[in-house]
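The values are calculated or read from the model by the stated rules, or taken from the named source; none is laboratory data. As the structure is a prediction and not an experimental result, all values here were calculated from the model. Ideal geometry is used to build each Cβ from the backbone, glycine not excepted, and the neighbour counts take in all protein chains shown.
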Amino acid sequence: MLPTLFPIQRPRLGLSIDARTLSVLEVQRDWRRGWRDIHVGLCGERALPAGLVNLSATELNVSDVAALAGEIRTLRGSPRNASRVASVALSLPDLCARLALFEFEVWPNKAAECDALLRWRFQKDLGMPATGARLSFRVFPPTPGSAAEGARKTHRVLAAAIQGRIIEQYEQVCEVAGLIPVSLGVSSLRLFDLCRPVMAAAPGGVQRDSPAPGQAPGTDPSEFFFLHVAQAGFSFFALQHDSPVFHRIKPLRDGHTNLADELRATIQFYDEVRPAARNGCPVLPRPLFIVGADVPCPDGQRLEEQAAPDQYRDSAEPGTTVAAHPTTAVASWRNLIDPDLAASLRLNMVPVGWESLLRSSHGQERHEAQVRPLSALAALAGVWEA
């Protein structure tokens, strides 16, 4: 009787869609320890045929709805109850949305007023018709640290808008695949929220307006960067006193865009438009937290892939590609920027992977060497937020 009366439940299934890859994971929740205490079960990714998903913030993204739904069903395999429709947390790529950073002297308390204000700013600042668009946003109120440095008391809002017809097409894909998307969001915003405990706890990490007791000496606790690298682009956020002050989204075109060069240019531009203003204070390295999918390394080779171990093969559909162990993949990020260049840009590189996220966000200790693709972190972030 309960499944009939309450067919939609908090999703245990997370799905992320990128330009060339699907990623899915299923979690088990321990309700005795709180609904956010989760354990990852099924987790994998599947390469998509070329041209099936074409990311755009203005045009429909999926060339064949039935084909993409079939890829999702294949990746999921055969659920125990194949006839039952499952709820899912869907994470979409940044490039299918318009992201903006707005400042407000006063932020309303009522949800309807917040929504109307953001739609007006999207129309006014970006010339984007916001009628029918789906909004997702994060509000950052003024902090004591920013006030101490003489900054204006402003509310900063990091917002994303996706055109309604683009969302409707992705929702149609889920429905054809036997899924109900009860939660939908943009990957970078969800990953930023997921990584916040890691950013606070990591050596060299960031505590709100004060250094952490275990913080690596010589790092700046008031300024840090967050970088999310997807297959088709990257999103870069710069934060001061735990509030975003700069952002950039850049498409990455295969064979035509060098991630390291684009990242260097982004940080150099940021330093030009927002120079350090702490007179008499030492200029310290700034943490750069990096989370992302498999992208070309500087030597032209992609992060190594390996077959899943025997205990994992039962939950991985044939044809699914599984990235190398997170430790291998995360370590490769250190090669994206030459150490001398990182020093010149005042960067302290802090890669973020599965182990650190599960430990910091969910209190799980390291146990088995589980193989999980980095691309599925966006799916995990969706389940965590839902």
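The set of residues from the stretch 9-26 being farther than 16 Å from SER56 by Cα, among the charged types (D, E, K, R) and either out of contact with any strand residue (DSSP E or B) (no Cβ under 6 Å at 6 or more places or on another chain) or modelled with pLDDT of 95 or more (or both) comprises just one member, ARG10. Among the residues making up the stretch 263-278, those that are modelled with pLDDT of 90 or more and not aliphatic (A, V, I, L, M) are ARG264, THR266, GLN268, PHE269, TYR270, ASP271, GLU272. Taking (1) aromatic (Phe, Trp, Tyr); (2) more than 30 Å from ALA116 (Cβ to Cβ); (3) modelled with pLDDT of 95 or more in turn, PHE236 satisfies each apart from (2). The condition (being modelled with pLDDT of 80 or more and crowded, with 18+ Cβ neighbours inside 10 Å) is satisfied by just one residue among GLY44, GLY70, GLY51: GLY44. Screening ALA100 against (1) touching a strand residue (DSSP E or B) at 6+ places or on another chain (Cβ under 6 Å); (2) more than 28 Å from GLY292 (Cβ to Cβ); (3) modelled with pLDDT of 95 or more leaves a single unmet condition, (2).
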